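Asks: Got a structure for you, written out below as structure tokens; questions coming shortly.
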Amino acid sequence: MLPLILAQSSSGSDGSSALANIISIIIYFAGAFFCFKIYEKCGVENPWFAFIPILGTYANFQAGDEENPLLWTILACIPCVNIAAIIKLIIAWVNICKKINKSPWLLLLMPCFSVLILGYFAYG
């Protein structure tokens, strides 16, 4: 009964979940590192914010030269209101692409190839 309540399976531990966690952490840090490099290119004051989730959003707004990046970061954390903040974040990414002379159309590939696109933005 307890595994059902906790939504866990009791079919053994073959290490696949540990491997998936390790891969997820590696992908996260790769993406954060690429964002760090992008923020450096854009002249963000604290590019290391890329490694901290909410501060990374703040750095995105800063890199995209959006007005009131703190306000938009706070709004991004509020349910329903965050839809407007997401639209503003997309606009910020378009501005970032323009600053680093990359095509904003590549942002359409972000849902599937985010780390690759960020790597291209950082080093391409």
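We did not get these values from a lab; they are worked out from the coordinates using the rules stated. None of the values given here were measured: they were computed from a predicted structure. FYI the Cβ positions are ideal-geometry reconstructions off the backbone, even for glycines, and counts take in every protein chain you see.
Asks: Hey, what did region 17-123 get for relative contact order, percent, Cα under 8 Å, at least 6 apart?
Replies: 26 percent
Asks: How do the peptides 53-60, 77-84 rank, highest first, by the average count of neighbouring beta carbon atoms within 10 Å per residue? Before the final figure, lay out the partial values.
Replies: Values: 53-60: 18.4, 77-84: 10.9.
Answer by packing, highest mean first, reads 53-60, 77-84.
Asks: To continue, here is another question. How far apart, in nm, are the 7 Å Cα→Cβ label points at residue 67 and residue 112?
Replies: Placing both labels 7 Å along Cα→Cβ, they lie 3.8 nm apart.
Asks: Considering the Cα positions of region 32-124, please state its Rg to one decimal place and its Dmax as a whole number of Å.
Replies: 12.2, 36
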